[in-house]
């Protein structure tokens, strides 16, 4: 049995050279890579070791002896404990620089290429836009008598414990400022230790909370939940099993949002995937459509379409859209959204259900001709479907990515194997104060 390495004890000094992909400071100590949380490049810090590994060590900054000009005071009182944000100590503009560098480094290292043009970052219009932006979240809940009862929050860094949040600066303030009241509500239920999570979904005019229940709630519990919802103007939902069991406790109005800032409205269920940052998402949709250089009548294949976030704006610009998604519930709601917004002609906008990680060249939706492609895959990327798409030789492919590593891998395939050039790439600040990198790339087929 291999002996576990014990980290050195005490405090040590390090000169921070760079960031790693998670936004930790990178240092070399006696030639060994050391990753130090909450430290910035150019700083001299004191730190303590957290883990010792064969090839690299990990540490936590405990004091800054020489600060970077980019360092700011974190706004959140829980910074350093809560695992929800890791970069609040870095100026918002410098966070963008970090994310652009991550994207370009991954494209060069994994994809062996650089974009011909680096697109300006998609960012919030004003400084306040980097706070209170999260309209979707999953809060953990746990009853811990030693901490006074029920606690509600995100997971702590590097543990499975829940951070007892008093306030969350990045959540929509309608819920981010009511966490103590939410804690008190759960603590007053007859089953406070059987409510492991609360799902948050925010629309412009309403907030929905989904309480996951491991045991049935009593009549008094239901009354308490309903009263809380009425007082806070929240719609309360209960979930007793999988997502299909989610039901409103009292009549609830539909949740809706605009995908692009126009009059289009997409309806969604509380547990449906939508981008967490509404303002950045709208800018992202408009940019993607601009990069496609659409003309009326263009035939567009959209993959991983979800609820129709890009699909309806594409159709509104006159494109003829075939949209494909793997989750049947999202496909059904996308079709309903299309009808609700007046897109009744399936020749202009249609949705198909397909597993995009397993489809073959004989897929029915691949048989129709298309001129351009838009895809927005999950973190795993689109490696399996790209060769089938590239074989149809669309003139432009816009790829929206939530993971620069898989984007870089797939970009390398399109450029080195399928005759495309990476004409443009850039980042979108979808998750301010985190190391998460959302990006977009434009591929143009070589003549």
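Given points 7 Å out from each Cα along the Cα-Cβ axis, report the residue 75 to residue 28 separation in nanometres with one decimal.
For residue 75 paired with residue 28, the spin-label model returns 3.8 nm.
Would you please give the FRET efficiency between residue 252 and residue 5, computed as 1/(1 + (r/R0)^6) with r the Cβ-Cβ distance and R0 = 41 Å, to the nearest 0.05?
Here the calculated transfer efficiency is 0.20.
Hey, any idea what the orientation-averaged projected area of the convex hull of segment 302-363's Cα atoms comes to, in nm²?
With every direction weighted equally, the projected area is 3.9 nm².
Return the whole-Å distance between the Cα centroid of segment 412-447 and the Cα centroid of segment 193-259.
Result: 38 Å between the Cα centres.
Looking at segment 298-404 from every direction and averaging, what is the projected area of its Cα convex hull in nm²?
Here the figure is 6.2 nm², rounded to one decimal.
Consider just the alpha-carbon atoms of segment 12-71 and return their Rg together with their Dmax, both in angstrom.
For segment 12-71, the Cα-based Rg and Dmax read 10.2, 33 Å.
Taking the beta-carbon count within 10 Å as an exposure proxy, list 365, 131 from fewest neighbours to most.
By the 10 Å Cβ count, ascending, the order reads 365, 131.
Which order results if 416, 91, 433, 78 are arranged by neighbouring Cβ count within 10 Å, fewest first?
The order, fewest Cβ neighbours first, is 416, 91, 78, 433.
Hey, how many Å between the Cα centroid of segment 331-363 and the Cα centroid of segment 103-172?
31 Å
Ratio of alpha-carbon Rg to the 2.2 N^0.38 Å globular estimate for segment 216-294, to two decimals, please.
1.49
Between residue 344 and residue 273, take the C-beta separation as r, use R0 = 25 Å, and let me know the FRET efficiency to the nearest 0.05.
Efficiency, rounded to the nearest 0.05: 0.50.
Rounded to whole Å, give me the distance from the Cα center of segment 262-282 to that of segment 1-79.
37 Å
May I ask you to compute the full-extension gain from residue 56 to residue 353, defined as 0.36 nm times their residue separation minus their alpha-carbon distance, rounded to one decimal in nm?
In short, 102.5 nm is gained.
Considering segment 10-139, what Rg and Dmax in Å follow from its alpha-carbon atoms?
Every Cα atom of segment 10-139 included, Rg and Dmax give 16.2, 48 Å.
Looking at the P(r) of segment 45-122, how many percent of alpha-carbon pairs lie beyond 19 Å?
I get 58 percent for the Cα pairs in segment 45-122 exceeding 19 Å.
May I ask you to sort 40, 50 by Cβ crowding, counting other Cβ atoms within 10 Å and putting the fewest first?
Exposure proxy ranking, most exposed first: 50, 40.
Roughly how many nanometres apart are two label points built 7 Å out from the Cα toward the Cβ at residue 293 and residue 368?
2.4 nm
Based on alpha-carbon atoms only, what is the radius of gyration of segment 187-242 relative to the globular estimate 2.2 N^0.38 Å?
With N residues counted in segment 187-242, Rg over 2.2 N^0.38 Å equals 1.10.
Find the Cα radius of gyration of the chain, compare it with 2.2 N^0.38 Å by division, and give the number to two decimals.
1.06
So what are the three principal axis dimensions of segment 200-344 from its Cα atoms, in whole Å, longest to shortest?
So the three principal-axis extents are 59, 27, 24 Å.
Given the convex hull of the Cα atoms of segment 95-181, what is a quarter of its surface area in nm²?
Spelled out: convex hull of the Cα atoms, projected over all directions, averaged, 8.3 nm².
For residue 44 and residue 155, calculate 0.36 nm times their separation in residues minus their Cα-Cα distance, and state this gained length in nm to one decimal.
Gain on extension, residue 44 to residue 155, equals 37.1 nm.
Each value in this text was obtained by applying a stated rule to the coordinates, not by laboratory testing. Since we're looking at a predicted model, the values are computed, not measured. Virtual Cβ from ideal backbone geometry, glycine too; neighbours counted across all protein chains shown.
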